Amino acid sequence: MFGKKKPVYCDERLRHIAFIMDGNGRWAKGRGMPRSYGHKVGAKAFKEAVKYCSTIGLGHMTVYAFSTENWRRPREEVDAILALLDEYIEEALADLAQNDVRIVFLGEKTPFPDALREKMEHLEAESANNSLILNIAMNYGGRDELLHAANIAIAEGKTTLTEADIDAHLYTKLSPPPDLIVRTANERRLSNFLLWQSAYAELYFTDVLWPDFKPRHIDAAIRDFYARKRNFGGH
Ligand code: FPP
């Protein structure tokens with residue numbers, strides 16, 4: 001009666017969960033700390049979420065870590081996020097044998113410093129045989145992704161595009177569309193995230209700030225998802 005609620009496992013209805021990890025700045029501000037501290041604790045919450053999702057039968061997880069617009073933030077904050085990414089890559093490389101996670105970066109890698117870009121590519125290659133697909137959106141924007149996909153199809157000689165042409169060239173092409181998109185920190189918008197893929201996604205919003213986001217909050221989102229009826233435009 002007083003025990004913890006049991007984890008909720010993912011079945012064929014829930015193959016892909018995407019997270020908009022929002023609220024790091026507010027979390028830090030509330031503690032009189034710099035925004036970069038919020039990102040640091042946010043990175044911890046991210047790692048815990050990945051670990052948890054790999055235990056509940058999820059096949060695909062996507063996180064929005066850095067948008068094409070986030071470059072406009074102060075240099076110091078951008079550097080702090082890139083340093084956290086670097087740290088995560090090192091840890092993920094060291095843990096590849098224990099963690100069955102395949103990392104895919106969504107977005108153009110050219111704006112990143114060479115050394116970081118090479119590490120990102122290295123981690124993608126080294127983890128390519130693992131099973132839980134973790135898409136990390138870094139320098140990602142949904143509009144940018146659509147233009148990128150359309151331009152590849154045009155370069156291939158297509159003059160009229162089909163949905164399949166777009167699907168084939170999305171950064172997320174290894175994953176089905178998200179069934180559930182979770183956004184923390186009491187914001188209710190997509191902010192240029194997975195614009196094409198979110199067509200029939202269920203949206204879940206919570207007031208919890210990302211650094212405070214724990215596995216029990218993932219369970220709550222999944223329970224909420226299972227209580228919904230999805231008809232994908234049918235009846
Ligand atoms: C949004 O919160 C969060 C980000 C822009 C960065 C997300 C980064 C992490 C969770 C840590 C790094 C993880 C990796 C994998 C590199 P915000 O800063 O917009 O918060 P606010 O709206 O309260 O200001």
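The values are calculated or read from the model by the stated rules, or taken from the named source; none is laboratory data. Predicted model only: the values in this text are computed from it and were never measured. For neighbour counting, all protein chains shown are included, and Cβ atoms are generated from backbone atoms with ideal geometry for every residue, glycine included. Ligands, DNA and RNA are excluded from the accessible area calculation, which covers all protein heavy atoms including side chains. Shrake-Rupley method; radii C 1.70, N 1.55, O 1.52, S 1.80 Å.
R0 = 30 Å: FRET efficiency of N151 with K29, Cβ-based, nearest 0.05? After rounding to 0.05, the efficiency reads 0.15. Using a probe of 1.4 Å, the accessible surface attributed to M33 totals some 80 Å² when neighbouring protein chains are kept in position. Specify whether the C-alpha gyration tensor of the chain places it in the rounded, prolate or oblate class, a ≥ b ≥ c being the square roots of the eigenvalues: rounded for a/c under 1.5, otherwise prolate if a/b is larger than b/c and oblate if not. Since a/c stays below 1.5, the shape of the chain is classed as rounded. Between the stretch 187-235 and the stretch 75-119, what is the separation of their alpha carbon centroids in Å? The stretch 187-235 and the stretch 75-119 have Cα centres spaced 25 Å from each other. Within the stretch 44-175, the percentage of alpha carbon pairs spaced more than 23 angstrom apart rounds to 37%.
Only protein heavy atoms count here; on that basis, with a 1.4 Å probe, I166 has an accessible area of about 20 Å². Once you keep just the Cα pairs under 8 angstrom separated by 6 or more residues, what percentage relative contact order results for the chain? This gives 28 percent for the chain. Within the accessible surface of the chain, defined with a 1.4 Å probe on protein heavy atoms only, the carbon and sulfur portion equals 52 percent. Shape summary of the stretch 1-117, radius of gyration then Dmax from alpha carbon positions: 16.1, 54 Å.
How high is the FRET efficiency between L93 and D114 when r is their beta carbon distance and R₀ equals 22 Å, given to the nearest 0.05? Efficiency for this residue pair is about 0.80. A 1.4 Å probe run over the protein chains yields, for the stretch 58-178, 49 Å² of accessible area per residue, whole-number rounding. Of the chymotrypsin sites (Phe, Trp or Tyr not before Pro) in the stretch 126-235, the ones in a loop by DSSP (not H, G, I, E or B) with at most 16 other beta carbons within 10 Å are W196, Y200, F232.
Annotation note: GluC sites (Glu not before Pro) in the stretch 36-83 located in DSSP loop regions with a Cβ neighbour count of at most 13 within 10 Å are E69. Heavy-atom accessible area for R35, with the other protein chains in place and a 1.4 Å probe, reaches approximately 100 Å². For the stretch 125-230, GluC sites (Glu not before Pro) meeting the loop criterion (DSSP other than H, G, I, E, B) and having at most 11 other Cβ atoms within 10 Å: E156.
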